[in-house]
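Presented below is the structure to which this report refers.
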Amino acid sequence: RVHGWGGGYNNESLLYILKQISEAYISMLDLWELDITTVNKKGKTRKEVKAFLNYLGVGVDAQAALQVHNLRESKPKLFFSRFFNKAYYALAGGEEAIKNSCTNISEQITLVADGIEIPLPPDSQGIIFLNIDSYSGGVPMWSNGLRPRRKARSYSEGHILNGSKSFPRNDSIDDLADYEVPKELSFEEKVAKLTACDKQSSCQDGLLDVVSVRGAFHLGQIRVGLGNADLLCQCREATITLKKNFAVQIDGEPWRQTQSTLSIRRKPDRATMLHRSVADNGGVESEVTKLLNWANEKEIIDRNQYAEIMGEFSRRAEFKKVKKQQDKTW
């Protein structure tokens, strides 16, 4: 969806789809890694690594997805159509709304983003880390979310862990690893910068957009446009400490996670995607992509130059698309 291809195949002409692919232009997508560290009762440490592209959820959204997953594993014959699949998710969400099994999650989970502990809303029942602004069938949770309204809070050095860094969205997609928070910023200013939530969502800027939801019923409201997620922060890396067992999901794949520490970091490489062009015959974006491919094939530019230019072009094309959407909204 975020690359313009829609939610799925709807019996369009295959020739028409192939024509659109030939006119598409390059777009980049950040890749993320989840490190899970678990310590058993005997003190032995076990580590596991998973990868995700779109989102990671802890709490109520993962709990509903886990119920459907368990039902699918035990009775696969029940899942024979897209309509019934969605119905099972709605039933699982309704059951979870009654049970409220993820209440007091703010007391059972610690979230540290870019080295700074982020307080969770007291009514939170789940937190979601978004790489793309599309969730649960295309819902733009970040762009439609509510910015935090917290009272001023005093932070001591204990809240700033391991030399925290907060990463803004720059005019260029240059190596974000070289960026450092100016030393003159106070702790309160660093926290304010991290939790400002005033930047547009982007799938290629090296940042995750973190939101909170207040339960299964709230998720249903968000899904139909009657509610908004609570925005928490935008960060480059995060650590989640689970003080009890919780449901966790990445890109729709849920599991039951025991007490552990979850660490999220961006992978060094990014995925190269094709973005559908809205203009007839591809538009200028497609022509630029073809030009860069030609220059690379003719060895006019080397592979590293090609990657740098293509990455910057992809970022600017995304910025242009977002600006057009904003102009239409206004």
Check: From the residues in the stretch 134-169 that are surrounded by 18 or more Cβ atoms within 10 Å (Cβ to Cβ), modelled with pLDDT of 50 or more and touching a strand residue (DSSP E or B) at 6+ places or on another chain (Cβ under 7 Å), which one is farthest from Arg265 (Cα to Cα)?
Finding: Gly145
Next item on the list: Please state which of the following conditions Arg82 fails to meet, knowing it meets all the rest: (1) exposed (fewer than 15 other Cβ atoms within 10 Å of the Cβ); (2) of a type outside the set (S, T, N, Q); (3) within 19 Å of Ala271 (Cβ to Cβ).
Entry: (3)
Next item on the list: Pull up the stretch 275-301, narrow it to residues that are under 29 Å from the mean Cα position of the chain (by Cα) and open to solvent by 50 Å² or more (accessible area, probe 1.4 Å), then point me to the one that is modelled with the lowest pLDDT.
Entry: Val278
Check: Can you tell me which residues in the stretch 120-133 are open to solvent by less than 40 Å² (accessible area, probe 1.4 Å) and part of a loop (DSSP other than H, G, I, E, B)?
Finding: Leu120, Pro121, Ser124, Gln125, Asn131, Ile132, Asp133
Check: Restricting to the stretch 196-217, what's the tally of residues that are under 21 Å from Glu95 (Cα atoms) and open to solvent by 10 Å² or more (accessible area, probe 1.4 Å)?
Finding: 3
Notebook entry, point to check: Residue check, Lys50 against (1) closer than 30 Å to Ile109 by Cα; (2) open to solvent by 60 Å² or more (accessible area, probe 1.4 Å); (3) of a type in the set (D, E, K, R), all met but one. Which one?
Noted result: (2)
Next item on the list: Could you check the stretch 1-112 for helices (runs of 4 or more DSSP H) lying wholly inside it with 2 or more residues that are within 30 Å of Thr241 (Cα to Cα)?
Entry: 60-74, 82-99, 105-108
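The values are calculated or read from the model by the stated rules, or taken from the named source; none is laboratory data. Quick caveat: nothing in here was measured; it's all calculated off a predicted structure. Glycine gets a Cβ as well: all are built from the backbone with ideal geometry, and neighbour counts include every protein chain shown. The accessibility values were calculated without ligands, DNA or RNA, using every heavy atom of the protein model including side chains. Shrake-Rupley method; radii C 1.70, N 1.55, O 1.52, S 1.80 Å.
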